[in-house]
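What follows is calculated from the coordinates using simple rules that are stated; it is not laboratory data. Worth saying up front: this structure is predicted, and the values here are computed from it rather than measured. Heads up, the Cβs are rebuilt from the backbone with ideal geometry, glycines too, and the neighbour counts pull from every protein chain shown.
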Amino acid sequence: MGSVAVIDYGMGNLHSVAKALEHAGARQVLVTSSPEQILDADRVVLPGVGAIRDCISELRRLGLDQVVRQLVDEKPLLGICVGMQMLLEHSEENGGVDGLGLFPGGVHFFGDDLQEQGQRLKVPHMGWNQVTQTIDHPLWHRIEQNARFYFVHSYYARPGKATQMAGRCHYGVDFAAALAQDNVFATQFHPEKSHTNGLQLLQNFLAWDGRW
């Protein structure tokens, strides 16, 4: 299955992501901040948890934002949670933060008064929810339509191009559960916490050559 680099910029659940990739069959998993090791790997994962301001700041401080931009043209890249949100142009979080702009669109707050059928919903959106696959993509291989994945987030992505939405979820509002463009696939949910479906998605990523 080749080598996988998990980008280490001091943020994210790196250990659980690396362990899940190993369980999925990765030959070698490197948790690294080295641009050389990242660029030498066969596939790359960009994880992220916490405040997007801190995530994007550390990514830029280490010069890894430019590495991610280079990867977009070279090899399969999987973004997870805030790692997906950073790929967009802008986020409302932390008073407004510019992302990498690799996908058009923005990241928005669910709001303090999120409701569904008159019932108030808790924010953050935390727990299992169904994902509707909106495109036919290799990373959905052997994953059923409306399969459940695990989410933890207070902000949601709304892509500027509907064709880049690979999966949709609903929690008070419809939002992008997954984005796809060329050799990049990104998820708002955590595949490393999503048991069978998450493991299948990671196995699909390890087998993916970046084309679809």
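Put simply, the amide H of Val29, placed in the peptide plane, has neighbours under 5 Å in Val4, leaving out anything fewer than 5 places away on its chain. Helix 14-24 versus the longest principal axis of the chain: what is the Cα-based angle in degrees, 0 to 90, to the nearest 10? Orientation of helix 14-24: about 70 degrees from the principal axis. Computed over neighbours whose Cβ is under 15 Å from that of Glu36, the net charge equals -3, Lys and Arg +1, Asp and Glu -1. Binning all Cα-Cα separations of the chain at 5 Å, short to long from zero, yields these whole-percent fractions: 1, 8, 17, 21, 22, 17, 9, 3, 1, 0, 0. By the rule of a C-alpha distance below 24 Å, with chain neighbours fewer than 8 residues away ignored, the lysines paired with Lys193 are Lys19, Lys122. For segment 100-106, putting each phi into the Karplus relation 6.51 cos²θ - 1.76 cosθ + 1.60 with θ = phi - 60° gives couplings of 7, x, 7, 10, x, x, x Hz, in residue order, rounded to whole numbers and with x for Gly and Pro. Near Leu77: Cβ cut-off under 12 Å, other residues only, Lys/Arg at +1 and Asp/Glu at -1. The net charge is -1. Under 5 Å between amide hydrogens, built in the peptide plane, is the criterion, and for Gly79 it picks out Leu46, Phe185, Ala186, Thr187 among residues at least 5 positions away or on other chains. Return one number: the angle in degrees, 0 to 90 and rounded to the nearest 10, between the long axis of the Cα atoms of helix 195-207 and the longest principal axis of the Cα atoms of the chain. For 195-207 against the chain, the angle is about 40 degrees.
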